[in-house]
Structure formats: C-alpha cells, structure tokens
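Written below as structure tokens is the structure these notes are about.
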Amino acid sequence: MPEPLLELDGITRAFPGVLANDDISFRVGEGEIHALLGENGAGKSTLVKIIYGVLRPDAGAMTLRGKPFAPHRPSEARAEGIGMIFQHFSLFEALTVAENIALGMAPELAKGDLRGRIVEVSTRYGLRLDPDLMVGDLSVGQRQRVEIVRCLLQDPQLIIMDEPTSVLTPQEVEVLFETLRRLAGEGCSILYISHKLEEIRVLCEHATILRGGRVVATCTPGEETARSLAEMMLGESLSPPATDRRTPGEVRLRLDGLSMASDTQFGTDLDDIGLEVRSGEIVGIAGVAGNGQTLLMSALIGEIRAERREAIQLDGRPVGHLPPHGRRKAGICFVPEERLGHAAVPDMSLTENVILSARMRKNLSRNSFLNLPRAARYAGDVVARFGVKTAGVDHAARSLSGGNLQKFVVGREIMQEPSVLVASQPTWGVDAGAAAFIQEALIQLAKDGTAVLVISQDLDELFAISDRIAVIANGRLSTADPVEELTIEQIGLRMGGQVRGRPDTLGAAEPAHA
Amino acid sequence: MLRLEPRREPSRAMQVLTPVFAVVLTILAGLVLFAILGKDPFRAIWLIFFEPLTQTYALAELTVKATPLILIGAGLAMGFRAGVWNIGAEGQFVAGALAGGSVALALHETAGLWIMPLMCIAGMLGGMAWAAIPAFLRTRFNANEILTSLMLVYVAILLLSALVHGPLRDPEGLNFPESRLFSESMILPILIEGTRAHVGFILALLAIAVAWLFMERHLLGFQIKVQGQAPLAARFAGYSEKRIVWMCLLTSGALAGLAGTTEAAGPVGQLVPALPIGYGFTAIIVAFLGRLHPFGILLGGLLMALTYIGGEAAQIAMSLPSATTRVFQGMLLFFLLAMDVLVGSRVRWIPRTVHG
Ligand SMILES: Nc1ncnc2c1ncn2[C@@H]1O[C@H](COP(=O)(O)OP(=O)(O)OP(=O)(O)O)[C@@H](O)[C@H]1O
Ligand SMILES: [Mg+2]
C-alpha cells in the first residue's frame, strides 16, 4: 500500500432527519485512484464536502500527510493541495470561462497569463475550451470542463471528483481517464465518485462502498464485476433490465423542418431538424454536448416558440406555437437536463415543485387557485413509486441528494402519463439500481403507448433502451436508424460530424422537408 | 471557536422568529444607548415601545401611520418576490393621491356614498398608470425598473407641486399652494370618535388578507415566487416573465395609489405639496421586515408606525435628540439583517480537539 495521503477516522455528520455520514473511516494512498461508491443518498457528496471544507463533521478527525487536517473553508483545503469538482457546478453564468476560473482560484495563482495557461492545460488534457466564452452559453458538458480545468490549474495533490463523467461522451471519458492516470502516475491522488461501475472497474484501484451513511465494504474494483459492485452498494441482487421490443404504432411526435437561431451568442443553431417518434417507440438522440441539444430541448418544451407552428406536431396537430403549459395540456411532458434550477425550484418544497409542471395534467388547481392537498398527494405518489429518499414532500428540492432529485423529476413527468415524453439525460447522476428503474419506467411508458424521445450523451444507455437512434451534430440531426443496424463506431463518426448533411440511405423515418 | 456554515434548508420557525429577535436586540441595545446618554433607559424604552400601546389616542395614531405602510408594503413585497424592484412607490403614492384628490375636487359640490369608492378606484388607477411606465420600459426596452421607477418619484412630486400651485389651487385659499379642503363625502369615515383612525386601516387589513390568499394559494402568486427564485424553472413551466413584471408593477402601483388616496382623504384632507413624507420608501423596509410575507408586513407596518409615534413622544417627554426615531429604525434593520445571516447559516462551536 502506498503512503497514505489522506486518512479519515470516524467521520460523522447528521442533517435534520438523516445521519448522512456515520462513523466513516478509510484512507487514500498517494497516487491512488480511490472510488467512493454508494446508492443515491448514501452520503458520498456529504463526505467529500467535509474533506473539502464545505461542511464540518459532527465528530471524527482527518489527517493529511500524517498531520491533523480540519479545513474550515474550501480555500484552506485548496491551500493544502486539494481540488474538487462538484456534482452541481458553481459557475457564474454572466462571466467568461477565464473569469470564472480566476474567481475560483487563489489570487496568486490567478495572476499572469491565465488565458494562456487555460488553453495550454485544456489542450494538454484534450478538454477543448475557449476561455473567452460566456459560461451561460455553455452546455452542461462544457461547463464541467471549466470546473475540471480550473481544478487542474492549481496543481492539486488530491482531486475529488463528484460524478465527473456523467455528461461526457465516451471519447471525452477516455481522454479524462488518460489524464487521471497520468496525474496518478505523477503522485496525485484521486477520490472518484461515480455511478458508472464499468468506469470504476477500469479506472480505480480501491473502492470504499457506502450505504446509509456507513462504510459497508471495501474492494478492488478490477477484481469485481459491475454487477457485484452494484449488489454490494444496494445490499441486494439486481435483475437485468428487460429488453423486449415493442411494435411501434402511430406517429405521435413529428418534427418537420425545425430551424431555430440560438438565443445565446455562442449557441448552436438548429438547422432543418426532422424526426418522427411513434407510439410505443423510444428514439434516442446522441451527440456531443454543445451540438444544439440545449436549444432543441428549449424548442421542444416551448421555452422558445418555433417560427412555423407545423415545425412541431403532436398527433398530426401543429403545436409549435404553443407555450410549454399548452404543450403539456396537449400531451407532451419534458425532463430537462439541469434538475436544480430548471426542472425544479431549489428552495421550494416537493409539493410546490409538482405544481410547476404537473398542474395541467394532474388538475392541481381549480379556477387558478392551487389545490395543495392534491399536489402533496401527487408528490407523495411520485416519491413512493420512484423510491425518492426524502424526509417528506414538504422538504425543499435542494435538500435531496442529486440522484434522488433526478428520480423525483423524472417520476413527476412519467406519472403524468403523457402521449409524448421528451427526456434529456434521464439517468444523470442516479445509482445503478435507480438508473435501471428509470429506464424500465421509460420502457413501460412506451409499452403503454407513449412516444419517448431521449436526448443523451450516454451511448450505452441509448443502445440499451432505444429502438432507433439519431445523432445531432452541429445543430443538424441525422436520420434515426434502428439500433440493430448501428454500431457504436458509426454513431461516434456521426457525432464527430464526419457524416455531413443527411445520410438518407438508411432512412427508417423519412426526413421531412419544409 | 465559532463558525458560520450555510444551511441547505433554513428552518421555518427561525425565519418567523428573526424579526422578533431583532426587536428584542434593538430594545437591549437601546437600553445600553440611553444609559450611556445618561437618560433613564427603562423609561425611554417604555415610552417608545410600550406607552403608545396603552393609550387609545396613540393606538389610533398607530393605525393612521401604519395604513399607508401596510398598503404599500404588501404591494411591493409581491414584486420583490418576483425580482421586480419597484423602488418608486412614493411616486405612485403621489400619482394616486392626485388622481383620487382630483375626483374629490371635481365633485366638491356633490355629496353621496358613491364618491369615496370612486376616489379609491381613481387613486388605484393613478398609481397603476404611474407604475405602468417602468413596466412598459422594462418589458419593451429592458430598462431597469429600479432607476425608472425611482426617477418617476421626483417627476410625480414636482407634478403635484405644479398642480397645487396651479389648476388645483384653492380659489378661496389666499394663494397658498394647497387644494380646497375635501368636503364631507370625500373624507374617509373615522373609526374611533375623537381620533384620526379612519377606514383606510380596514382597507389595509383587507389588502393583507387578499395578498395572503393571492401569494399562498393563487396560481399567479405561485408564478411570482417561481419567477423570483428560479427564472429558468419559470420558463420551463411556461410562465411569461413579461406578464409577471406587468402584474407586479401594476398591483404595487395600485396599492401605493390607494395609500395616496387614503392619506389625502384621511389625515390630510386636501392635496398639499408636503403630502409625500416618505411612506413609499419606508414601506420598502416594512416589506423586508415582514419577510415579504403579508402577515409579517402587517406586523412590520405596525412596528414601524410604533417607532414613529413612540420615538416622537419620547423625544418630547425626555428631551431626547431628534434622531432617536431614525436611530431605532436603523438598529432594527441592522439587527434584522444580522439575524438573517444567522438564519441562512448555522453557528457551530468547533472544539479544538478535532485537530488532534
Ligand atoms: N443540507 C442538507 N440538509 C438536509 N439533508 C441533507 C443535506 N445534505 C444532504 N442531506 C441528506 O443527506 C443524505 C446524503 O446526501 P448526499 O448528497 O451526501 O448523498 P450522495 O451519496 O451524494 O447521493 P447522490 O448519489 O444521489 O448524489 C441524503 O439523504 C440527503 O437528503
Ligand atoms: Mg451526490
């Protein structure tokens, strides 16, 4: 075992109603890539926040390089060479990449040619990043790169990553892993949280597994299977997701020549997008972050209205002119990518948060007055069916762990039984058990006749649940082809934008023209 | 050592209790302050905070002062919750007084029960019209409503002054810049004989009840809160930001206009250039003192009114400096803000032994 860099001894931390960390002890060696595993709400984020000085333990102690270590704030942890990438980003949208990076760094480090160093580090590690872009114009994936680069710029000795790859493409993940291995080789330790067990298996040398706030196992991930890791986390055995195919019915959602100029300065425009999604079918849209997914989602939700009402059709009726609630009423529900702040209001209770998007379809108001008891009941139903861990529906969305909030947001939409469901990154940040559950819920929804459109960067997921997959690159959408006829490589090529224009050759759905 | 830590979910009870703690701390600090000044501290505090509560007349005055504060505060809070910063309630107050007052002056030879409601409606429309200007500029040209509404305060005050120097001047008034005194039907009925307490206070209570229903149970109130807390989520839900901006400014304008009318048709009884004495600005403090919550605003308005009345009484009785009232209002705000930091975070005692 290498020299221990960080040692935790009996760390305990309670929140009202939950013991998030319960007597946690383990050590991270120098140059070691150490995984922290556990289902949603197991206490992983809480633990690393304690290490990074964001939270304080109620009891327990830490040592860093053999010396007592009790950071009172993140800057103290950074001064000791600890860097962290959060699950929810802490970036200012109205500032540029370079300004954001400068803000999160010690002032001495931010001096000099910061832009140059950003470009240098980001190219060295293959994390393409323009320091002059506004963060508000970046997709989630690109924002994460900002956080990673900011962290790398400070020459850390321990990097904490809370679900860093959930929004990266396979290629980007490869590059990141190269980087991490190189850093580890240089003696930098990495504490790595992820729900992607395959990644953990290939990347990490040691793993500490948490359940209900306690350490329940430690292991060497390379010697385990993803399955056995998941079972250690959950404490029960998993059944593989059902993969039987459904027979598609009528066309429910049709995009017909949907073009839209981006509302942000550096966003990608949508260019003549055509797609059909049939009842009973799951269609996936793959693509590297920043290729127009965000705008496509906005256009589908109705946050930005289409120029022609026929550009978006539901069951043959044009809906492109309808506002979001009008579209919901007509039968389309949405799960946006960013759960905190977009899909949910952080400081509002779960009850209030169901009113946000389920008011129409679940009759949560009468003559414009809210029916709070009914909303509370619906929120309770979502919590119960989707196994959301929370102390109650009157608690704020913010108090939920990342994965639990995701389950809640997805459940809120699925349980409205829409005729069309559009979901962006539906399993982002949820544990293996919950991801399987959400995927199965999507499949069940399709079986019941809903047309499901999933926008995701997770190709494994798309291949697992989709009937057809299209690729978005540079604001243009390829045809959606049956998964049986596609390979990951083909998708990868299209994602890179190598296949320009519309490869009509494989067309299962005929591309619609204006 | 002591440390502040952000809380993920500030507790409800604490949010309600902070203003109470702030008042208690203000009183404690006041005791110290008066002791240092060599005045009897307990008598001073008694005079400011408690004596007025024991006299009918002072209680009546309390409602007179609180009426405009509560009316305006209730409207402003709605906008503040949505992130619509109407700082110009004082101007809307004046515009409302002008509109309501003009109706009274135009009808001065008539009598009837219908005149008062008509004046109130005119006053609300006047305030709304004044607030519509920043609403239009914000939704159309994206102009900052803080600046536009504030600048319009001065326009309104000058307009009032110009009108009472000119067209609205009392023809029998020896050229004083004042309007005619309102006649019987144009004066708000008095609630308690022998005092100045008028029906406007009932209107203020009504406004509080309606505001509560609106903010806590009505869809529009919900939209306002979502817009203020998470604009992206409001977009996701499909709430129109423009509509919310219009609604907030018009509502707060209407309430400020109503306050202007009840002031002119209540304690003042005519239009004078000195009608605006800062209620529109003090109401901003009231709104925050009341946690932007209708019931809180009711209490906040009464408390602010109390410091006005008690402060004045104590000044006279104990020959205290004239700044007493303002010092107390300032301390109240200071402690409130300080308490807020403590509610948003929690203080933890970190024993040194953690290091070992
Ligand atoms: N500030 C807080 N207030 C109340 N409860 C909290 C707070 N922070 C965390 N919790 C609770 O503590 C538990 C652990 O949360 P934590 O965020 O550490 O989970 P996690 O393992 O990171 O989960 P995920 O994989 O879903 O991100 C959860 O039950 C969560 O609801
Ligand atoms: Mg987490």
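Using only alpha carbon positions, build the gyration tensor of the range A:275-383, then give the equivalent ellipsoid semi-axes as the square roots of 5 times its eigenvalues, largest first, whole angstrom.
After scaling each eigenvalue by five and taking roots: 26, 18, 13 Å.
How compact and how long is the range B:103-163, expressed as Rg and Dmax of its alpha-carbon atoms in Å?
Here Rg and the maximum Cα pair distance are 15.2, 46 Å.
To make sure I understand the rule: partners must be lysines, Cα under 19 Å from the Cα of residue B:225, and not fewer than 8 residues away in the same chain. Which ones qualify?
Leaving aside lysines fewer than 8 places away in the same chain, those within reach of residue B:225 are B:242.
In terms of the Cα gyration tensor, with a ≥ b ≥ c the square roots of its eigenvalues, is the range B:38-116 rounded because a/c is under 1.5, prolate because a/b exceeds b/c, or oblate?
Oblate, because a/c is 1.5 or more while a/b does not exceed b/c.
Compute the Cα gyration tensor for chain A, then decide on rounded, prolate or oblate, letting a ≥ b ≥ c be the square roots of its eigenvalues: rounded whenever a/c is under 1.5, prolate when a/b is larger than b/c in the other cases, and oblate in all that remain. If you can, show how the numbers build up before the last one.
Working: a/c = 1.70, a/b = 1.42, b/c = 1.20.
Prolate, since a/c reaches 1.5 and a/b exceeds b/c.
Write down the percent of antiparallel bridges among all DSSP beta bridges whose residues are both part of the protein assembly as shown, to the nearest 5.
55 percent
Only helical DSSP H runs with n ≥ 4 go in: add -39500 (n - 2.57) per run for the protein assembly as shown, normalise by residue count and round the 222 nm mean residue ellipticity to 500 deg cm²/dmol.
Working: 30 runs with 408 residues, N = 870.
Helices in the protein assembly as shown give a 222 nm mean residue ellipticity of -15000 deg cm²/dmol.
Normalise the Debye intensity by I(0) for the range A:4-234, one equal point scatterer per Cα, no solvent, then take log10 at q = 0.11, 0.12, 0.16 Å⁻¹ and round to two decimals.
-0.54, -0.64, -1.15
Give me the percent of DSSP beta bridges within chain A that run antiparallel, rounded to the nearest 5.
So the antiparallel bridges amount to about 55 percent of the total.
Semi-axes of the equivalent ellipsoid for the range A:340-417, please: Cα gyration tensor eigenvalues, times 5, square-rooted, ordered largest first, whole Å.
19, 13, 11
Give me the net charge of residue B:309's neighbourhood, meaning all other residues with Cβ under 11 Å from the Cβ of residue B:309; Lys, Arg count +1, Asp, Glu -1.
For residues surrounding residue B:309, the net value is -2.
Please report, in whole Å, how far the alpha carbons of the range B:229-304 spread along each principal axis, starting with the longest.
49, 25, 16
Which of rounded, prolate, oblate describes the range B:215-356, given a ≥ b ≥ c as roots of the alpha-carbon gyration tensor eigenvalues and a/c under 1.5 marking rounded, otherwise prolate only if a/b is larger than b/c?
Oblate, because a/c is 1.5 or more while a/b does not exceed b/c.
Taking Cα pairs under 8 Å and at least six residues apart, what relative contact order does chain A come out at, in percent? List each step's numbers first, then the result.
Values: 1107 pairs, mean separation 79.8, N = 514.
Reported as a whole number, the value is 16 percent.
Cβ neighbours within 10 Å, averaged per peptide: list A:420-430, A:182-192, A:467-477 in order, most packed at the top.
Ranking the peptides A:420-430, A:182-192, A:467-477 by packing returns A:420-430, A:467-477, A:182-192.
Could you rank the peptides A:395-407, B:91-103, B:152-164 by their average count of other C-beta atoms within 10 Å per residue, with the highest value first?
Top of the packing list down: B:91-103, A:395-407, B:152-164.
On the first, second and third principal axes, largest extent first, how far apart are the outermost C-alpha atoms of the range B:135-274 in Å?
Taking the Cα atoms of the range B:135-274, the three principal extents are 62, 38, 17 Å.
For peptide B:235-246, how many partner chain Cβ atoms fall within 10 Å of a residue's Cβ, on average? Walk me through the numbers on the way to the answer.
Values: counts 9, 16, 13, 15, 4, 1, 0, 0, 0, 0, 0, 0.
For this peptide, the per-residue mean of nearby foreign Cβ atoms is 5.
Write down the radius of gyration of the range B:291-346 and its Dmax, each obtained from C-alpha positions, in Å.
Answer for the range B:291-346, Rg first and Dmax second: 13.7, 42 Å.
If amide hydrogens are placed 1.01 Å from N in the peptide plane, which non-local residues have theirs closer than 5 Å to the one on residue B:143?
Amide H neighbours of residue B:143: B:138.
Can you give the net charge of the other residues whose Cβ lies under 13 Å from the Cβ of residue B:127, counting K and R as +1 and D and E as -1?
-2
Would you mind pulling out the separation of the Cα centroids of the range A:42-113 and the range A:247-273, in Å?
40 Å
Which whole-number percent is the relative contact order of chain B (Cα, under 8 Å, 6+ apart)?
35 percent.
Would you please calculate the Kirkwood hydrodynamic radius of the protein assembly as shown over all C-alpha pairs and express it in Å, rounded to one decimal?
30.5 Å
Return P(r) of the range A:448-489 (all Cα-Cα pairs; 5 Å bins starting at 0; whole %; ordered from short to long distances).
Taking every Cα pair in the range A:448-489, the percentages come to 6, 19, 34, 26, 11, 3, 1.
Considering the Cα trace of the range A:401-469, what is its radius of gyration and what is Dmax, both in angstroms?
Both quantities, over Cα of the range A:401-469: 11.1, 32 Å.
For the range B:220-270 and the range A:359-408, write down the distance between their C-alpha centroids in whole Å.
28 Å
Which value in Å does the Kirkwood hydrodynamic radius of chain B take, with 1/r averaged over all unlike C-alpha pairs and then inverted?
It is 21.7 Å.
Give the Rg/Rh ratio for the range B:196-255, taking Rg as the radius of gyration of the Cα atoms and Rh as the Kirkwood radius, to two decimals.
The Rg/Rh ratio comes out at 1.11.
Let me know the mean shielding of A:338-347 by other chains, meaning the per-residue number of their Cβ atoms within 10 Å of its Cβ.
Across the residues of A:338-347, the mean count of other-chain Cβ atoms within 10 Å is 5.
Any read-out appearing in this document is the output of simple, stated calculations on the displayed coordinates, not a laboratory observation. All values reported here derive from a predicted model rather than from experimental measurement. Quick reminder, even Gly has a Cβ in these numbers, built from the backbone with ideal geometry, and neighbours come from all protein chains shown.
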